[in-house]
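The structure under discussion appears below in the form of structure tokens.
What follows draws every value from the coordinates through simple rules; no lab data is involved. All figures in this text were calculated on a predicted structure; none of them were measured in a lab. Note that each Cβ is placed from the backbone with ideal geometry, even for glycine, and that neighbours are counted across all protein chains shown.
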Amino acid sequence: MSKFTINGVSYPAKPFSFNLICELEEKGVSMEEMRKKPTSTARAYFALCAGFDDETAGSEIEKHLIAGEDLTGLINAMTQSMNESDFFLALSKNAEKKAAKKKEKE
């Protein structure tokens with residue numbers, strides 16, 4: 001399991017699962033919007049990994065950025081968790097199959 005550091009504290013990256021995706025949606029981030037809302041996605045994911053509410057997670061990220069740090073570690077950990085997720089990989093493959101079938105019909 002990968003980890004990332006915010007304000008000198010190391011946090012374990014949560015694996016992407018159906019439940020995590022539901023929790024992200026409850027925080028206002030759907031899978032379709034992840035690329036459109038990268039900062040909201042990072043804050044929501046960090047909040048879930050750290051056990052923080054959104055306000056606390058945002059404040060911690062803000063302190064981290066003000067201190068001259070960036071979110072590379074958090075983003076890399078989140079991406080790695082997505083790439084290693086059996087659930088997320090299955091969703092991606094299913095989406096690819098559906099797109100290929102749709103293209104065949106056209």
message: I'd like the FRET efficiency for Asn83 and Asn7, computed as 1/(1 + (r/R0)^6) with the beta carbon distance as r and R0 of 25 Å, rounded to 0.05.
response: 0.45
statement: In a Gaussian network model of the chain with springs linking alpha carbons closer than 10 Å, the residue among Ala42, Ala57, Ala95 that fluctuates most is Ala95
query: Taking Rh as the Kirkwood radius computed over C-alpha pairs, what is the Stokes-Einstein D of the chain at 10 °C in a medium of viscosity 1.306 mPa s, expressed in µm² per second?
result: 108 µm²/s
Point-to-point label distance, Asp70-Ala95, nm (Cα→Cβ direction, 7 Å offset): 2.5 nm
- prompt: lysines near Lys3 by alpha-carbon distance under 26 Å, same-chain residues fewer than 8 away left out - which ones?
  reply: Lys14, Lys27, Lys36, Lys37, Lys63
